[in-house]
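Q: Take a look at this one; I'll ask things after.
We did not get these values from a lab; they are worked out from the coordinates using the rules stated. All of these numbers come straight from a predicted model, not from anything done at the bench. Don't worry about glycine lacking a Cβ; one is built from the backbone with ideal geometry, like all the others, and counts go over all protein chains shown.
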């Protein structure tokens with residue numbers, strides 16, 4: 001076979017990477033064929049050769065005529081349950097007169113699934129700064145506030161698209177509990193207002209037990225969840241008030257599903273139960289089928305329920321367990337859970353949970369991928385610094401710093417991108433369509449100020465993926481922001497699962513997709529700020545491939561994927 005292809009999937013995306021094993025004279029790119037449920041189509045590209053305008057809006061731009069000049073691609077078109085195979089073919093010749101060159105042959109068929117042994121992983125499509133959303137806004141003359149409005153409307157097509165499989169999984173989980181009278185739910189939630197999740201939770205009545213915080217209010221006595229609290233109590237739900245903000249946050253987003261009175265399954269992740277959490281922030285959720293791990297979360301729930309609005313010493317002491325209990329799951333992976341707040345460190349030693357995270361980062365042998373929301377500087381810098389030794393890619397939602405190095409206000413929200421040892425910032429300036437006359441459907445994307453009408457969380461996941469292709473693949477996720485505040489002030493959790501390669505690679509697909517999305521926008525914004533014309537056409541020089549293959553950045557990815 002002339003070249004090898006790596007195919008990684010999660011519930012909604014397919015990441016492809018390929019490496020030609022031979023030189024391909026006159027190669028001007030690659031076409032990608034997709035066989036979906038038995039029907040074969042060519043993926044579309046939106047970049048053309050100089051002097052070759054793309055077809056009119058709505059007309060497919062086949063990668064046979066407009067090939068991909070790269071060695072990796074994320075296919076966002078498939079859906080959960082689709083059966084797929086791919087074929088990568090070199091396109092050789094001259095622009096407008098291309099023919100097939102060497103081909104990879106068809107990959108083995110795969111079926112998109114969210115189930116990976118004992119765990120299920122779900123992701124949304126909450127990337128508002130995208131061409132998809134920009135074109136919808138342009139076509140309908142919407143503002144950013146309209147995006148937020150539609151995200152909160154049941155049966156709205158934009159809401160259904162942005163929330164993806166994440167919303168469907170939560171609704172399905174609540175429906176399964178509702179239909180099984182032997183089931184019960186114990187949840188600890190930070191924000192609760194979603195127009196579908198709230199009534200589905202209320203419908204469980206006394207079989208639902210909810211520790212409910214008061215959100216991120218600025219004044220004592222205020223309650224973001226007042227309406228939801230009233231709705232749940234009126235429905236007979238067992239609500240345990242935890243009115244701790246603004247002192248600290250009841251920041252958990254987990255629930256335990258019990259059957260026949262015994263914990264059986266646990267859901268956690270980064271997703272708040274509100275429309276913005278489902279639709280306008282990049283989020284994830286994980287469902288783990290294990291009675292022992294679910295029991296650990298149940299015990300943590302009971303500690304919170306007994307703590308009222310405070311953080312008694314007994315609660316922190318119970319959270320500060322070293323080492324935490326390790327559970328072997330049915331798929332032979334191992335898992336443990338960490339809860340906070342923990343007892344503060346003394347004599348200069350790290351707090352327990354921060355030490356665990358730093359040890360995991362330091363122990364990565366081949367690769368580290370991440371998506372973070374407002375991480376603590378210690379964890380973030382530790383991840384960045386590993387880029388001098390291993391393959392590191394990641395995105396982090398941060399605040400830009402002012403001239404004195406202090407975090408700015410919400411209007412300065414940004415995405416930091418980490419590429420091995422290099423760190424770059426994308427401040428979310430508008431992407432100007434005038435610079436892309438060859439892009440048939442390029443539309444201006446919203447600015448930072450416009451995004452503030454939706455919220456300051458762009459990347460809201462809290463995910464580490466360690467050695468996804470190694471011998472000990474590990475994922476970390478939960479509500480914990482990998483910060484000192486999360487460690488020693490807030491109610492938080494994270495879980496660590498080791499030994500489930502398919503699960504780790506599902507999270508890797510999500511992290512790589514987010515990185516690529518914002519890396520392109522950072523390039524466009526930076527190039528325009530320098531008064532230069534961003535790259536906007538395919539090269540008609542076959543030397544592009546040789547240069548691409550020499551690029552250490554691309555080769556590092558291929559090595560990490562074990563393609564090269």
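Q: Which ordering of 137, 52 is given by a fewest-first count of other beta-carbon atoms within 10 Å?
A: With the fewest neighbours first, 137, 52 line up as 52, 137.
Q: What shape does region 481-530 have by the C-alpha gyration tensor, where a ≥ b ≥ c are the square roots of the eigenvalues, rounded means a/c under 1.5, and otherwise prolate means a/b greater than b/c and oblate the rest? Please report the intermediate quantities before stating the final value.
A: Details: a/c = 5.35, a/b = 1.47, b/c = 3.63.
Verdict is oblate for region 481-530.
Q: Give the relative contact order (percent, whole number) for the chain; include only Cα pairs under 8 Å separated by 6+ residues. Mind dumping the intermediate values first?
A: On the way: 1291 pairs, mean separation 90.9, N = 564.
Relative contact order for the chain comes out at 16 percent.
Q: Here is a follow-up. Give the distance, in whole Å, between the Cα centre of region 249-310 and the Cα centre of region 176-246.
A: 12 Å
Q: Then there's this: If you average the alpha carbon positions of region 36-51 and of region 504-564, how far apart do those two centres end up, in angstrom?
A: 19 Å
Q: Could you put 231, 94 in order, starting from the residue whose Cβ has the fewest other Cβ atoms within 10 Å?
A: The fewest-first ordering by Cβ neighbours comes to 94, 231.
Q: What whole number of Å gives the distance from the Cα centroid of region 91-109 to the Cα centroid of region 363-394?
A: When both Cα centres are located, 37 Å separates them.
Q: Another one. Considering only DSSP beta bridges with both partners in region 209-266, what is the antiparallel share in %, to the nearest 5?
A: Antiparallel bridges: around 45 percent, rounded to the nearest 5.
Q: Rounded to the nearest 5, what % of DSSP beta bridges with both residues in region 115-521 are antiparallel?
A: 75 percent
Q: Also: Rounded, prolate or oblate: which fits region 91-179, taking a ≥ b ≥ c as square roots of the Cα gyration tensor eigenvalues, rounded meaning a/c under 1.5, else prolate when a/b beats b/c?
A: Working: a/c = 4.08, a/b = 1.30, b/c = 3.14.
It comes out oblate by the Cα gyration axes.
Q: Also, I was wondering about something else. For Cα pairs less than 8 Å apart in space and 6+ apart in sequence, what is the mean separation divided by the residue count of region 285-359, i.e. the relative contact order in percent?
A: Numbers: 57 pairs, mean separation 19.9, N = 75.
Worked out over region 285-359, it gives 27 percent.
Q: Sticking with this one: Which value in deg cm²/dmol, rounded to the nearest 500, describes the helix-derived mean residue ellipticity at 222 nm for the chain, given -39,500 (n - 2.57) per DSSP H run of n ≥ 4 and division by the residue count?
A: Estimated from H runs of four or more residues: -8500 deg cm²/dmol.
Q: In whole percent, what relative contact order does region 449-513 give with Cα contacts below 8 Å and a gap of six or more residues? Let's see the in-between values first.
A: Working: 78 pairs, mean separation 20.1, N = 65.
Across region 449-513, relative contact order equals 31 percent.
Q: Another question, if that's okay. Is region 3-113 best put as rounded, prolate or oblate by its Cα gyration tensor, with a ≥ b ≥ c the root eigenvalues, rounded for a/c under 1.5, and otherwise prolate when a/b is larger than b/c, oblate when not?
A: Judged from the Cα gyration tensor, region 3-113 comes out oblate (a/c at least 1.5, b/c at or above a/b).
Q: Seen from all sides and averaged, what is the projected area of the convex hull of the Cα atoms in region 264-331, in nm²?
A: Values: hull surface 25.2 nm².
Convex hull of Cα atoms, orientation-averaged projection: 6.3 nm².
Q: Counting other beta carbons within 10 Å of each Cβ, put 515, 507, 523 in order, fewest first.
A: The order, fewest Cβ neighbours first, is 523, 515, 507.
Q: Also: What is the Cα radius of gyration of the chain over 2.2 N^0.38 Å, N being its residue count? Don't jump to the answer; show the numbers that get you there.
A: Numbers: Rg = 23.9 Å, N = 564, 2.2 N^0.38 = 24.4 Å.
It is 0.98.
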